[in-house]
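Visitor: Below: one structure in structure tokens.
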Amino acid sequence: MTTFIIRRLLATVLLLVIVSAITFAIFFLLPRLAGETSYDLAARYVGRIPTPSEIRAMEVRLGLNQPVPVQFWHFIKAIVVGETYTVGPSRVYCGPPCLGYSWRNQQPVWPLLVSNIPVTASLAGGAAVLWLVSGVAIGVVSALKRGSFFDRFSMGTALMGVSLPIFFTGQILLLLFSFHWQIFNVQYVSPAQNPLLWAKNLILPWVALAFLYSALYARLTRAGMLETMHEDYIRTARAKGLPERAVIFKHGLRAALTPILTIFGMDLGLLLGGAVLTEFTFSLHGLGLFTIEAIDNQDLPEIMGVVLLASFFIIIANMVVDILYAAIDPRVRI
């Protein structure tokens, strides 16, 4: 098990380097291949109506006139050990991990991302617990009561949950529970200040986001349980006299969780990179809304920072999923 974890850690580090190289190529190499010059690239980092001298100064300041391998080395070096940027007469140090400097906001990108991570992490974490518990539980019960009223009703509701977009269900929840009945007020409060108010204010976003994902998890769990419960080893476990609860949860559900873990790692990693529609619908300023503002302002360093951070979350989530695979199924360790 230890050897497997070490291999996965080394593969994760390598994958992070590859993702960083691809991200650098998208923002710096592909525009050159499309015919843009370093002058054109530098024009994206200054104001909307820059002078040629300002663009030339930015070109030198960012090192865009240097060879691409040298630029990539400085890009990786800044992430690992930090970078110092010259801003007018002063110099600003961007500590590691330095994901760039926003010349429009005159701030390093990493602190801007960190200030928005708690909102997105709270939203994604709470919704993930809801959709995982509810989806798996509904899927198991539906599989065990196949063809019953509960099975048909839950799967019909799941189909509705998959079909309805988040901005529709979110607006309905806001209309009913925030404006009409005024039960919940959607406003982010730090859990360190008031945990109960933090949870109460995020109930509507959690429910709206969990409704979308729990529907998919319920259908996948039901399909996996229906397939697993007819396997020979399940009949053998029952023939040995094991309690039905042990047969269902220790043997049946454990085997059916493999595809659930796969999509859970991907879904959680993607949401930690920014739940764009949910944050926009409920006016929660997390990484999703931060990304929209960065795109509107054409702030390339901020966009690059979000891409790198979202990639990091997805890669780490997949590494954790692989380790959980090994814990659930020893064949994966080979």
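Visitor: Quick check: residue separation of residue 105 and residue 250 times 0.36 nm, minus the Cα distance between them. What number comes out in nm?
Guide: 46.8 nm
Visitor: Shifting gears a bit: Just to be sure I understand the rule: take each whole DSSP H helix in the chain, project its Cα atoms onto its long axis, keep it if the span is 30 Å or more and its mean Kyte-Doolittle hydropathy is at least 0.0. Which ones pass?
Guide: Long hydrophobic helices here: 2-24, 109-144, 203-228, 300-328.
Visitor: By a straight-distance test (C-alpha under 13 Å), which aspartates and glutamates pair with residue 250 as possible cross-link partners, with residues fewer than eight away in the same chain excluded?
Guide: Excluding near neighbours in sequence, the set is 329.
Visitor: Working out 0.36 nm times the residue gap between residue 185 and residue 80, then minus their Cα-Cα distance, what length gain in nm do you get to one decimal?
Guide: In short, 33.7 nm is gained.
Visitor: Give me the extension gain from residue 277 to residue 232: residue separation times 0.36 nm, minus the current Cα-Cα distance, reported in nm with one decimal.
Guide: Extra length available between residue 277 and residue 232 comes to 11.8 nm.
Visitor: For the chain, what is the calculated [θ] at 222 nm in deg cm²/dmol (nearest 500), taking -39500 (n - 2.57) for each run of four or more DSSP H residues and dividing by its residue count?
Guide: Taken over the chain, the calculation gives -21500 deg cm²/dmol.
Visitor: Looking at segment 58-216, what % of the alpha carbon pairs are farther apart than 20 Å?
Guide: Summing the P(r) tail past 20 Å for segment 58-216 gives 66 percent.
Visitor: When the Kirkwood radius is taken over all Cα pairs of segment 183-334, what Stokes-Einstein diffusion coefficient follows at 4 °C and 1.567 mPa s, in µm²/s?
Guide: So the translational diffusion coefficient is about 70 µm²/s.
Visitor: At a Förster distance of 51 Å, what's the computed FRET efficiency of residue 193 paired with residue 39, Cβ-Cβ distance as r, to 0.05?
Guide: It comes to 0.55.
Visitor: Where is the GNM fluctuation largest for the chain (alpha-carbon springs, 10 angstrom cutoff): 200, 240, 77?
Guide: With Cα springs under 10 Å in the chain, the top fluctuation among 200, 240, 77 is at 240.
Visitor: What spacing in nm lies between the two simple spin-label points modelled at residue 21 and residue 149, each 7 Å away from Cα in the Cβ direction?
Guide: Distance between the two pseudo-spin positions: 6.1 nm.
Visitor: Sticking with this structure for a sec: Under 20 Å from the 7 Å Cα→Cβ point of residue 298, by amide nitrogen: which residues of segment 87-123?
Guide: It comes to 101-107, nothing else.
Visitor: Among the aspartates and glutamates, select those whose C-alpha is under 18 Å from the C-alpha of residue 145, and discard any that sit fewer than 8 residues away in the same chain.
Guide: Reachable aspartates and glutamates: 227, 231, 244.
Visitor: Using a Gaussian network for the chain with springs between C-alpha atoms less than 10 Å apart, which of these wobbles most: 311, 178, 122?
Guide: In this elastic network of the chain, the residue with the biggest mean-square fluctuation among 311, 178, 122 is 178.
Visitor: So if I average 1/r over every pair of distinct C-alpha atoms in the chain and take the inverse, what Kirkwood radius in Å does that give?
Guide: 22.9 Å
Visitor: Another one. Only Cα pairs under 8 Å and at least 6 apart count here; give the relative contact order of segment 110-333 as a rounded whole percent.
Guide: 27 percent
Visitor: Continuing with this model, one more query. When the Cα atoms of segment 2-81 are enclosed in a convex hull and the volume is divided per residue, what value in Å³ results?
Guide: 109 Å³
None of the figures in this text is laboratory data; all of them are computed from the coordinates on show. Please read all numbers here as calculations on a predicted model, not as lab measurements. Every residue, glycine among them, receives a Cβ derived from its backbone with ideal geometry; neighbour counts consider all protein chains shown.
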